[in-house]
Amino acid sequence: MPRIGITAYDLLISCPGDVIEYLDVIKESVESFNRVFGRINNIEVVTKHWSTDSYPQSGDKPQELLNKQLVRDCDAAVALFWTRFGTPTDKYASGTEEEIEEMLSAGKQVFMYFLDVPVNPSQVDMEQYKKIIDFREKYKDKGIYAIIKDKEELRRQFTNHLAMYFLPIISDNNVTTSKKLLSILQIRDVNAISEEQYYLYNSSLGNSKFIKEKKEDIIKNIHSIQNNTLPKRTQVVLEDEKIIKETPEFLKNIEIKKLLENVNIPSISLKDADIPNSWKETISKFAEENQIKINDDFWNVGDLKIRIPSVVLPFGNSGSVLEGTDEEKERYDLLRNLYWDIVSYNEYIDYFSYIDKLNFAKLAISNVGNSYDEDIDVKLIIPKGYVLKYLDLPYPGINIIEELLEMEFIDYLFSIQENDIVEGYGYYPVLPPSYEDIIPAYPFNKISVSEEYKRHKEKYKKSLERVFNYKIFESEENDILIFHIGYLKHNTTMAFPSVLMFKDTPTFIDYEITSKHLPEVLKGKVEFSKKRKDK
């Protein structure tokens with residue numbers, strides 16, 4: 001509460017036990033706010049936490065005692081959630097929820113954050129996590145929480161939100177500066193020295209270190225296989241498939257025999273393990289393109305045989321089996337792996353070639369005024385037929401999409417990376433974990449390759465939706481993209497949610513900016529230079 005000599009505001013820190021390591025970030029953000037704004041305006045924000053600001057007391061329920069001692073006297077609260085919701089009280093699902101409701105019902109400010117940080121599914125209490133999801137859903141339309149990905153983002157957002165809340169209070173208390181405070185917003189290229197220079201960029205993924213290393217590994221493996229040959233096949237090639245009637249070892253079990261009394265034990269064909277023509281064609285084409293001559297012995301796997309059941313048995317254990325020496329099996333596996341490596345490499349080349357043909361714009365919005373601004377909407381008006389919408393991007397091939405997801409390729413390529421001058425966009429929606437990410441895979445719930453690819457494509461699409469965080473509209477003449485920034489402090493530049501992708505080069509795009517503190521709509525034009533830089 002306010003005290004004599006200095007106006008102090010008590011800030012309650014309320015959070016479950018799994019986010020204790022983030023408390024220091026909250027306290028450091030408050031200290032930073034006090035240094036920058038508090039001292040010159042004769043105010044101070046003081047953090048309060050039950051571990052340091054409560055005392056043993058009897059005569060009521062534990063949470064109600066905390067409410068009386070601490071919660072109700074605080075002027076604002078900050079709450080942080082990750083995977084745990086907390087211990088239930090008499091009134092609410094957790095003490096943290098009760099403290100938040102106490103503050104909100106009293107009309108006080110609550111800064112609420114949800115961590116979007118990876119966690120081992122085996123360590124998640126799903127009942128607790130579901131309570132968090134339900135709680136977040138309860139407040140999703142009230143605009144009182146934000147999603148953060150790490151400590152630095154919490155530090156940046158919370159510091160900004162403190163300023164966003166307390167500076168108007170300072171102004172209302174007639175604490176003034178020597179000149180009028182104004183925000184001045186403008187759009188700039190993230191790499192341009194002048195605010196009036198805008199470039200178009202091209203990626204060079206097809207010539208990247210990533211692709212070069214994959215190509216070098218394939219060439220190295222071809223030479224390794226070529227330099228280590230096996231003796232040629234000594235056995236006579238069977239004119240017809242040799243049919244062997246035999247009982248697999250596991251079927252000799254008496255109890256399993258009873259279960260399979262009415263099941264015919266299948267015939268098993270044994271034949272030479274020749275290298276498939278599709279492997280030969282793919283490998284030979286790659287070798288020819290890279291001036292590598294392949295000898296006839298390259299395909300030789302000695303006397304290796306393959307057993308193939310003619311009927312699939314129940315309970316599994318019925319796939320084809322290689323029979324031969326360890327060296328023969330190893331060579332067959334090397335050739336198979338080489339084939340799939342080349343298939344994946346070709347998929348990368350196809351996908352990256354498409355991306356490399358696109359033009360990118362990398363823009364940001366700057367506040368060069370001497371006051372913060374908030375509730376900012378940016379509208380981009382682009383002549384029709386130029387912009388490429390994210391849904392028009394092709395999907396990566398079936399053999400590479402999972403690797404690209406694991407590398408977080410979408411964030412790397414399409415988001416604008418934060419640096420010492422430009423902040424990353426801070427208002428991405430949170431993606432809830434998918435069922436597959438939480439529930440571990442078991443042998444009995446494995447899915448087909450095509451179904452797995454379908455799931456990967458859906459995950460890829462959701463990742464694109466998150467990064468390309470624009471509302472998209474169309475008119476007869478233009479494509480219109482709109483995005484939102486909640487708060488932008490003075491002398492700060494924040495990147496657009498993503499690069500803008502163009503199929504053809506537009507000479508310009510128009511924009512309109514509205515905000516809480518701009519007296520009217522700010523209109524401008526981005527005119528692109530012919531100069532291009534590699535992304």
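The values are calculated or read from the model by the stated rules, or taken from the named source; none is laboratory data. In this text the structure is predicted, and so the values were computed from the model without any measurement. As a convention, Cβ positions derive from the backbone with ideal geometry for all residues, glycine included, and neighbour counts pool all protein chains shown.
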(Q) Being out of contact with any Phe, Trp or Tyr (no Cβ under 6 Å at 6 or more places or on another chain), modelled with pLDDT under 85 and within 27 Å of Gln157 (Cα to Cα) is the requirement here; does Leu413 meet it? (A) no
Note to self: Among the residues in the stretch 491-505, are any aromatic (Phe, Trp, Tyr) and either under 27 Å from Pro394 (Cβ atoms) or assigned to a loop (DSSP other than H, G, I, E, B) (or both)?
What the structure shows: yes
Going through (1) surrounded by 16 or more Cβ atoms within 10 Å (Cβ to Cβ); (2) free of Cβ contacts under 8 Å to residues at least 24 places away in the same chain one by one, Met407 fails only at (1)
Of Lys357, Lys362, the only residue that is farther than 19 Å from Ile219 by Cβ, at pLDDT 90 or above and buried (at least 19 other Cβ atoms within 10 Å of the Cβ) is Lys362
inquiry  = Can you confirm whether Leu334 is at pLDDT 90 or above and either in contact with a helix residue (DSSP H, G or I) (Cβ under 7 Å, 6 or more places away or on another chain) or part of a loop (DSSP other than H, G, I, E, B) (or both)?
reply    = yes
Within the stretch 82-111, residues closer than 21 Å to Asp10 by Cα and touching a Leu at 6+ places or on another chain (Cβ under 8 Å) come out as Gly95, Glu99, Met103, Val110, Phe111
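Residue by residue, here is whether (1) farther than 16 Å from Val467 by Cα; (2) within 25 Å of the chain's Cα centre (by Cα) holds:
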| site | (1), (2) |
| --- | --- |
| Leu363 | no, yes |
| Ser366 | yes, no |
| Asn370 | yes, no |
| Asp373 | yes, no |
| Asp377 | yes, yes |
| Ile381 | yes, no |
| Gly385 | yes, no |
| Tyr395 | no, yes |
>> Scan the stretch 118-141 and tell me whether some residue there is under 17 Å from the mean Cα position of the chain (by Cα), closer than 24 Å to Ser32 by Cβ and not assigned by TED's automatic domain parsing to the domain that holds Val430.
In response: no
